[in-house]
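Contents: one structure, followed by commentary.
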Ligand SMILES: NC(=O)c1ccc[n+]([C@@H]2O[C@H](COP(=O)([O-])OP(=O)(O)OC[C@H]3O[C@@H](n4cnc5c(N)ncnc54)[C@H](O)[C@@H]3O)[C@@H](O)[C@H]2O)c1
C-alpha cells in the first residue's frame, strides 16, 4: 500500500490538545496495522490569521488538496471574534469544504451504554441509539444567490436563496443509501415537502435512488416532526439524510443525546478519490475550540480520536483499524475514565492527555 499523507490542522483553543491525542492514535495504528502514513502539520483558523493574516493560507490549502485525508481540530475564539473583521477563522472551514468539494457530512450519534446517564434524556430512551446523519454540505441556503440585504419599497429587506439541482441531491442520497446497506438498511429522508419546492425535488430524486437499493427501507419525515421524533424515539433511526440547513440544526439537536459535545466525531467526504482509491475527506470533532477550557488539559479528546477512526475507515479503507480504535474508546469509558465534561458518580476524572494515553494502552 502506498504511504498515506495525512494533513493535520490543529487550529485554535482545544484544537491542538485533542488533535495531538488523535494523531498519537493514528501513529499507533500505523505500527499495529502496518499502515504506512506520514503526517504534515499546518495552520488554519485564528492561528493562521496570526501567522499570515489569512485563515486558510495557500500552503495549507495545497497541503489539504494533496493529502489523502485531513484531520482538523477546531477553529475560532474570542481573539478573532470581531464581527466587522474581514478575515475570520471559520472562513478556513468554508474554504476547505468548497475547495475540496466536501459535499457530504457524516455525523454518527451513538450513545455508549456507560455514559447513558450523563445525557439529559431518560436512559431507557437512549439505550441502543445508533444514528448516522448524512448532511448535504455544499448547497442549499448557505450558498444560494442572491443572498443580500437591500433597500426595498417598504424599507430594509433581506433575501436568501435555496437552490438544489438534481446532481447535488443524487450524490449525497446515493452515499446515504450505500452506507445504509452496511448498517440496519433504513434511510430516513428529512424535508419540508409540504411547503418547499426544493424539498419536493429531494423526495423525487430520493425515490429514484431508492430503486437501486431494493433492500433498503425508505421513509420521508417532515423536518418539524423529525425535531420531535429525535427526542421521543431516537432508537428508531438508522441513516438520516437531509439538506444543508436542516442537517445543521438536527445534528446539533441530536448531539445532546450522547451526553457531551466532546464525544462526537464527523467526516466530510468529497466526490473524488485519493491516491489510495478511497474517498478524500476532512475529519474533525463536532465541537468548537472551547476557549473556556483551552490549555488546561480538560478537553475530551474522544471526539477527535473517533474522527481519526472515521478517517481510517473512509479515507484509508482500513475497517479493522477503525473498529479497533472505536473499541478502545468504548473500553476506556467502560473502565470508568471520564474527562470533566462527563463527570458521573463512581468514575475517575482524567485529563485530555491521560484519556488519550488510556486509548493508546487499550489499542495495544
Ligand atoms: N468546527 C469548528 O471549528 C467549530 C465548531 C463550533 C464552534 N466553533 C468556534 O469555537 C468557538 C467556541 O464556540 P462555542 O463555545 O459556541 O462551542 P464549543 O463547542 O467550543 O463549546 C461549547 C461548550 O462545550 C464545551 N466543550 C466543547 N468541546 C469540548 C471537549 N472536547 N471537551 C470538553 N468540553 C468541551 C466547551 O467547554 C463549552 O462549554 C467559537 O469561536 C466558535 O466559532 C468552531
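The values are calculated or read from the model by the stated rules, or taken from the named source; none is laboratory data. The shown structure was predicted, so the numbers you read here are calculated from the model rather than taken from an experiment. In this analysis, Cβ positions are derived from the backbone assuming ideal geometry, glycine residues included, and neighbour counts consider all displayed protein chains.
Of note:
- Selection status of residue 282, within 16 Å of the ligand (Cβ to nearest atom) and at pLDDT below 95: no
- Residue within the range 302-312 that is within 27 Å of residue 77 (Cβ to Cβ), in the same structural domain as residue 175 (by TED's automatic domain parsing) and within 16 Å of the ligand (Cβ to nearest atom) present: no
- Residue match in the range 280-287 (condition: outside any strand (DSSP E or B) and closer than 19 Å to residue 45 by Cα): yes
- Residues (out of contact with any helix residue (DSSP H, G or I) (no Cβ under 9 Å at 6 or more places or on another chain) and farther than 16 Å from residue 12 by Cα) located in the range 86-96: 86
- Here the condition is being in a strand (DSSP E or B) and surrounded by 18 or more Cβ atoms within 10 Å (Cβ to Cβ); of 257, 269, it holds for 269 alone.
- Residues satisfying the stated conditions in the range 330-345, i.e. touching a residue at least 40 places away in the same chain (Cβ under 8 Å), part of a helix (DSSP H, G or I) and either crowded, with 19+ Cβ neighbours inside 10 Å or away from the ligand (no atom under 16 Å from the Cβ) (or both): 330, 333, 334, 342
- Lone unmet requirement of (1) part of a strand (DSSP E or B); (2) surrounded by 15 or more Cβ atoms within 10 Å (Cβ to Cβ) for residue 219: (2)
- In the range 262-274, residue nearest to the ligand (Cβ to nearest atom) [restricted to those that are in contact with a strand residue (DSSP E or B) (Cβ under 8 Å, 6 or more places away or on another chain), in contact (Cβ under 8 Å) with a residue 12 or more places away in the chain and farther than 15 Å from residue 97 by Cα]: 262
- When restricted to residues that are within 15 Å of the ligand (Cβ to nearest atom) and part of a loop (DSSP other than H, G, I, E, B), the range 79-97 contains 7.
- Exclusive hit being farther than 29 Å from residue 257 by Cα and within 21 Å of the chain's Cα centre (by Cα), set 83, 89, 55, 108: 55
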